[in-house]
Each structure stands twice: as structure tokens, then as C-alpha cells.
Amino acid sequence: MASEPSTMELPLVQDVQLTQCMRLRVRSLQQKKEKPQDGEKLLQADEFVYRLDFSRQHGLRFLRWTVTLDKPGKVSIIGTSQLWTPDLTNLMRRQLLEPVAVFWKKPGSQEVECNEADALEFGERLVELAKIRKVMYFLLAYADGLEPAHLKCSVVFSA
């Protein structure tokens, strides 16, 4: 008799220290009146760094995103392709993954919506990336009045 596959829900956790480090890079360039490196992605005011720690790396199958928004607004989840370094201060635009998973909640609605095809494709890419990484970093961009305190987000895999 085959055993039922178990599910594993991994939360996206805000990396406050790394977000601050990337904001320092922006301030440093502004203070020195310097331009960013060619192709460098500077962290915008509405963007924050999050991480996903894979407790298991092999045999995963993406099931779904679990996203809760406490209020109306929109959040875009952008994955990074950097493999080993947690120092994203010189993150380049070519290191951002496509597609972007976008989730939103309309005023008066209780339901969180998304572009399902992009969210599904992005989730399936996470399975491939998990095979070579213990940790994955994301940029989350908030819009329409949404802030990090209003979001709970995790990825559910079958293991």
C-alpha cells in the first residue's frame, strides 16, 4: 500500500536586515551623487526582501500559493536567480525571474485574486530551484496602500 504524500507549507519571511542593507546602497549612491552600476536593480521604497528556506530540497511538487491580505491592495512577488550569496546589494535586473506572481484584493472583497497561470508557473520554477538551493530570495513590491504587515504568504508543496 502506497503512503499518501505529505504536504509542506513554507512561509516567505521578511529579511529585515537584507532590506536595510539594500536601502543603504540606495542612500549611499544618492549621497555620493553616483549612478548605479549598469543594469543594477535598486530597491524601491515599496519593495522588501523576503526569503524562503527549503527544509527539504528534493521530491517536491508545487501545489499552491497561500496568500492572505488583511486589506485591499496588490503585492508582486519577484524571485531572484542568485544562487549562493545573501548579499543582494548589487542585484542586477537580469537576476530577476519571470514570471512575477501578482496577488491582489479589491475593496469590499474577501477573496485574494491572482493571475493563476503566472503564479502556477512561478511556483513550479521554485521546485526546480529548490534542488540547488536551501534558501531563495524574493523582492516583494507592495502597491495600492498595502504594506508588509498586511500580508501572510506561504508556498505549499507535496513532499
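The values are calculated or read from the model by the stated rules, or taken from the named source; none is laboratory data. Here the structure is a predicted model, which means the values were calculated and not measured. Ideal geometry is used to build each Cβ from the backbone, glycine not excepted, and the neighbour counts take in all protein chains shown. In case anyone asks, the SASA skips ligands and DNA or RNA and just uses the protein heavy atoms, side chains included. Shrake-Rupley method; radii C 1.70, N 1.55, O 1.52, S 1.80 Å.
Mind checking the per residue accessible area of segment 101-143 for me, 1.4 Å probe, whole number of Å²?
On the way: 2160 Å² over 43 residues.
That works out to 50 Å² per residue.
Ordered by 1.4 Å accessible area with all protein chains kept, S55, S109, S6 run largest first as S55, S6, S109.
Placing a label point 7 Å from the Cα of Q44 along the Cα-to-Cβ line, the residues of segment 102-130 whose backbone N sits under 15 Å from it are 102-103. Please report how many Lys pairs in segment 1-106 have alpha carbons closer than 19 angstrom, counting only residues at least 8 apart along the chain or sitting on separate chains. For segment 1-106, qualifying lysine pairs total 6.
Computed with a 1.4 Å probe over protein heavy atoms only, the accessible area of F62 comes to about 20 Å².
Mind listing which trypsin sites (Lys or Arg not before Pro) in segment 107-144 are in a DSSP loop and have 13 or fewer other Cβ atoms within 10 Å?
Qualifying residues, ordered by number: K131, K134.
Backbone N atoms of segment 32-70 closer than 20 Å to the 7 Å Cα→Cβ label point of K134 belong to residues 50-60. Taking the accessible area of segment 8-159, probe 1.4 Å, and keeping the other protein chains in place, the carbon and sulfur fraction comes to 49%. Using only the Cα atoms, work out Rg/Rh for segment 98-146, with Rh taken as the Kirkwood radius, to two decimals. A ratio of 1.05.
For the pair segment 22-52 and segment 114-159, the centres of their Cα atoms are 22 angstrom apart. Going through [x] 15.5; [y] 19.8; [z] 16.6, the figure that equals Kirkwood radius over Cα pairs in Å as computed for the structure here is [z].
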